[in-house]
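Chemist: Please read through the structure below; I'll follow up with questions.
The values are calculated or read from the model by the stated rules, or taken from the named source; none is laboratory data. Bear in mind the structure is a predicted one, so any value in this text is a computation, not a measurement. Heads up, the Cβs are rebuilt from the backbone with ideal geometry, glycines too, and the neighbour counts pull from every protein chain shown.
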Amino acid sequence: MHPKTVKQNIQYGTAGFRTKASNLGYIMYRMGLLAVLRSRYKQGVIGVMITASHNPESDNGVKLIDPHGEMMEQSWEELATRIANVQDDELEAVIKEIVQEYNIDMSTRVNILIGKDTRPSSPSLSKSVVDGILALSGKPVDYGIVTTPQLHYFVKCRNTQNAYGVGTEEGYYTKLVTAFKKLRGDNYTNGNYTNRVLYDGANGVGARKIKYFQERLGESLKIELYNDAGIGTGKLNYLCGADYVKSQQSFPTGVPVEPNVRCVSVDGDADRIVYYYVDEDNKFHLLDGDRIATLIAGYLKELVLGTGIDLNLGLIQTAYANGASTDYITRQLQVPVACVSTGVKHLHHKALEYDVGVYFEANGHGTVIFSKNAKDKLNEAAKNNSLSEEQQKVANKLLALIDVINETVGDAISDMLLVETILHAKGWGVQQWEETYTDLPNKLLKVTVEDRNVISTKDAERQCTTPVGLQEEIDTLVKKYNKGRSFVRPSGTEDIVRVYAEAATQEETDKLAAEVATKVY
Ligand code: NG1
Ligand code: ZN
């Protein structure tokens, strides 16, 4: 019914399966099958999200969500790859093998939640997922068009009997907006902070869903929506959206240029966000994931100290984090930083080790997670009359902040509400925020090679171990530059090698990146 149409093998990578939409029908069907197996194995509700995030409109993709609302555990990615690539006549046998290997009880009733972005290919791909779910007698629950982080939230709610929140769209909006309004109080502006932001919806689901927030937030935060084109116009992520703004380091199309006004861009499934503005001289300023992370971690540290509760707080970054952000947060704000491999699942995993774990990729994908210990202690403190009134107040504030945050995964809209809350509390405009530190000039290059997997890395991808001698060559080049830093790694989502460089000036940075790139060919 859903025959394998593509000969080449495909791999479940950092972003699940992602390729041309026309090649994905059978993959979707098979992921429907896998979701049922995973759900029976975990004895919980599983999510299937159909999206290709910031990729062009003609692409699509699929990723699975585990019961806690996290991305599917890494050990099952290999099963996903296996199921996706077997020949049609071997599919049944492979499923049986997995059922046996994992001792899965095939008689349990399971629910699989399905969500999709606004791509024109998504409805038919969603039907293929449904067919796969039904083929193994699972129950598909279609949430229609939702953001990726919304689906993660619904999965978590369903698995916690709504203890995390009510698992409906209305429940999601109510949870976030109620907490946001509580924190904001009646004074919508404060010092240099104004309650107005220009919002680039990337012509995708982020544009659609922000309207529900606009209605509910009213005057408390005036969000002006731009890039809200309809489905199938070819405009999704085109010259706009978080990935465009971050990688091109330039202003998106469709948003009016107003000097010194805060702007945000989300990506095609609204799990990434970046801030930016142009100054009076029409110069573009980017405030990316690193800056969002340092703002959040610094503020949370202040609050934790204010409660007097002993909680360990840390920031998780990847090698792509700007060196100046790492320096600022460790030296000035005294927040410990851990560096892990690229891919949010690695960051999320590491963040679980802290009471308060803040994680962000430089591209604007991230969130904060709080341990059960942290939540219990804060709930206790909020009611504990032997603490000072101020300490109780801060504990309550932190509890409300937790409700603004989508802890399951990076969530562009939730992150925006969190940043707006912090800027409001500090009385900061975008300039004061930017003044906290100065980014080191940086450059990211893509190099096409015959086989990107000849490059292997260690130390959170900051050093390469093969090909032999490459790391020594990079070291020699880096030494020539003031504040030089550079690393190379194979991309997990594209058939290329990425070269990253930083140095004291842009000119030196570009030169260092170009020199390192020549060593990769
Ligand atoms: P790869 O292609 O492995 O570099 C990219 C991003 C990641 C992450 C994934 C998933 C960069 C340099 N890399 O990974 O941060 O977001 O896509 O979408 O931005
Ligand atoms: Zn995305």
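Chemist: Filter segment 277-296 down to residues that are assigned to a helix (DSSP H, G or I) and away from ligand 1 (no atom under 16 Å from the Cβ) and give me whichever is farthest from PRO441 (Cα to Cα).
Modeler: Just the residues of segment 277-296 that are assigned to a helix (DSSP H, G or I), to begin with: 289-296.
Narrowing further to those that are away from ligand 1 (no atom under 16 Å from the Cβ): 294-296.
Details: THR294: 18, LEU295: 20, ILE296: 23 Å.
Looking at residues that are assigned to a helix (DSSP H, G or I) and away from ligand 1 (no atom under 16 Å from the Cβ), I get ILE296.
Chemist: Among the numbered criteria (1) at pLDDT 95 or above; (2) more than 18 Å from THR294 (Cα to Cα); (3) within 16 Å of ligand 2 (Cβ to nearest atom), which single criterion is violated by LYS345?
Modeler: Just one mismatch for LYS345, condition (1).
Chemist: Turning to a different aspect of this structure: Out of the residues in segment 207-242 that are in contact (Cβ under 8 Å) with a residue 60 or more places away in the chain, away from ligand 2 (no atom under 16 Å from the Cβ) and surrounded by 15 or more Cβ atoms within 10 Å (Cβ to Cβ), state the one that is nearest to PRO123 (Cα to Cα). Spell out the reasoning first.
Modeler: Keep residues of segment 207-242 that are in contact (Cβ under 8 Å) with a residue 60 or more places away in the chain, which gives 208-210, 213, 221, 231-232, 234-238, 241-242.
Okay, now just the ones that are also away from ligand 2 (no atom under 16 Å from the Cβ), so 213, 221, 231-232, 234-235.
From what is left, the residues that are surrounded by 15 or more Cβ atoms within 10 Å (Cβ to Cβ) are 213, 221, 231, 235.
Working: PHE213: 25, LEU221: 33, ILE231: 11, LYS235: 18 Å.
Once the filter is applied, the top-ranked residue is ILE231.
Chemist: Let me ask something else. In the set LEU64, LEU125, LEU151, which member is farther than 18 Å from GLY410 by Cβ, buried (at least 19 other Cβ atoms within 10 Å of the Cβ) and not assigned by TED's automatic domain parsing to the domain that holds THR233? Explain how you work it out, then say what you get.
Modeler: Working: LEU64 fails: farther than 18 Å from GLY410 by Cβ; LEU151 fails: farther than 18 Å from GLY410 by Cβ.
Exactly one residue qualifies, and that residue is LEU125.
Chemist: A follow-up question, please. Report, by residue number, each residue of segment 297-325 that is over 19 Å from the mean Cα position of the chain (by Cα) and in a helix (DSSP H, G or I).
Modeler: Applying the first criterion (over 19 Å from the mean Cα position of the chain (by Cα)) to segment 297-325 yields 298-313, 323-324.
Scanning segment 297-325 gives GLY298, TYR299, LEU300, LYS301, GLU302, LEU303, VAL304, LEU305, GLY306, THR307, GLY323, ALA324.
Chemist: Name the residues in segment 204-256 that are under 25 Å from TYR320 (Cβ atoms) and of a type in the set (Lys, Arg), would you?
Modeler: Within segment 204-256, just LYS246 meets the criteria.
Chemist: For PRO259, all conditions in the list (1) within 16 Å of ligand 2 (Cβ to nearest atom); (2) surrounded by fewer than 17 Cβ atoms within 10 Å (Cβ to Cβ) hold save one; what is the number of the exception?
Modeler: (1)
Chemist: Within segment 112-153, take every residue that is of a type in the set (Val, Ile, Thr) and under 26 Å from TYR173 (Cα atoms) and give me the one that is nearest to the chain's Cα centre (by Cα). Walk me through it before giving the result.
Modeler: Step one: of segment 112-153, the residues of a type in the set (Val, Ile, Thr) are 112, 114, 118, 129-130, 133, 141, 145-148.
Filter once more, keeping what is under 26 Å from TYR173 (Cα atoms): 112, 114, 118, 141, 145-148.
Values: ILE112: 22, ILE114: 19, THR118: 18, VAL141: 24, ILE145: 18, VAL146: 15, THR147: 11, THR148: 9 Å.
Of everything passing the filter in segment 112-153, THR148 is nearest to the chain's Cα centre (by Cα).
Chemist: Which one is nearest to ligand 1 (Cβ to nearest atom), of the residues in segment 240-268 that are among the aliphatic types (A, V, I, L, M) and over 18 Å from ASP279 (Cβ atoms)?
Modeler: First pass over segment 240-268, keeping only residues among the aliphatic types (A, V, I, L, M): 242, 245, 255, 257, 261, 264, 266.
Restricting the remaining residues to those that are over 18 Å from ASP279 (Cβ atoms) gives 242, 266.
Working: ALA242: 10, VAL266: 14 Å.
Looking at residues that are among the aliphatic types (A, V, I, L, M) and over 18 Å from ASP279 (Cβ atoms), I get ALA242.
Chemist: A further question on this structure: Which one of GLN74, GLN87, GLN43 is at pLDDT below 95 and over 30 Å from GLY201 (Cβ atoms)? Outline the logic, then answer.
Modeler: Working: GLN87 fails: at pLDDT below 95; GLN43 fails: at pLDDT below 95.
None of the other options fit; the residue is GLN74.
So that you can scan it fast, the table gives a plain yes or no per residue for (1) among the β-branched types (Val, Ile, Thr); (2) surrounded by fewer than 23 Cβ atoms within 10 Å (Cβ to Cβ):
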{"site": "MET1", "(1), (2)": "no, yes"}
{"site": "THR5", "(1), (2)": "yes, yes"}
{"site": "SER39", "(1), (2)": "no, no"}
{"site": "GLY47", "(1), (2)": "no, no"}
{"site": "GLU77", "(1), (2)": "no, yes"}
{"site": "ALA93", "(1), (2)": "no, yes"}
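Chemist: Okay, moving on. Is there any pair with a first residue in segment 301-316 that is in the same structural domain as VAL335 (by TED's automatic domain parsing) and more than 20 Å from GLU389 (Cβ to Cβ) and a second that is modelled with pLDDT of 95 or more and of a type in the set (Ser, Thr, Tyr) whose Cβ atoms are under 7 Å apart and which are 6 or more apart or on different chains, and what are they?
Modeler: From segment 301-316, the pairs are ASN312/TYR354; LEU313/TYR354; GLY314/TYR354; ILE316/TYR359.
Chemist: Restricting attention to segment 343-370, and to residues there that are small (Gly, Ala, Ser) and touching a residue at least 60 places away in the same chain (Cβ under 8 Å), which single residue is surrounded by the fewest Cβ atoms within 10 Å (Cβ to Cβ)?
Modeler: Initially, segment 343-370 is screened for residues small (Gly, Ala, Ser), giving 343, 351, 357, 362, 364, 366.
In the following step, the residues that additionally are touching a residue at least 60 places away in the same chain (Cβ under 8 Å) were identified as 343, 362, 364, 366.
Numbers: GLY343: 20, ALA362: 26, GLY364: 30, GLY366: 29.
Among those that are small (Gly, Ala, Ser) and touching a residue at least 60 places away in the same chain (Cβ under 8 Å), it is GLY343.
Each row is one residue, and each column tells you yes or no for (1) hydrophobic (A, V, I, L, M, F, W, C); (2) within 30 Å of LEU347 (Cβ to Cβ); (3) out of contact with any Cys (no Cβ under 6 Å at 6 or more places or on another chain).
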| position | (1), (2), (3) |
| --- | --- |
| LYS7 | no, no, yes |
| GLN11 | no, yes, yes |
| LYS20 | no, yes, yes |
| MET31 | yes, yes, yes |
| VAL48 | yes, yes, yes |
| ASP89 | no, no, yes |
| VAL94 | yes, no, yes |
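Chemist: Name the single residue that is surrounded by the fewest Cβ atoms within 10 Å (Cβ to Cβ) among those in segment 109-122 being over 28 Å from ASP228 (Cβ atoms) and at pLDDT 95 or above. Explain how you work it out, then say what you get.
Modeler: So the first thing to find is which residues in segment 109-122 are over 28 Å from ASP228 (Cβ atoms), and the list is 109-112.
Still in the list and also at pLDDT 95 or above: 110-112.
Values: VAL110: 21, ASN111: 18, ILE112: 29.
Selected residue: ASN111.
Chemist: Here's another thing I want to ask about it. So which of VAL245, VAL274, VAL264 is touching a Ser or Thr at 6+ places or on another chain (Cβ under 8 Å), outside any helix (DSSP H, G or I), at pLDDT 95 or above and within 16 Å of ligand 2 (Cβ to nearest atom)? Break it down stepwise before answering.
Modeler: Details: VAL245 fails: outside any helix (DSSP H, G or I); VAL264 fails: touching a Ser or Thr at 6+ places or on another chain (Cβ under 8 Å).
Only one candidate passes the filter, namely VAL274.
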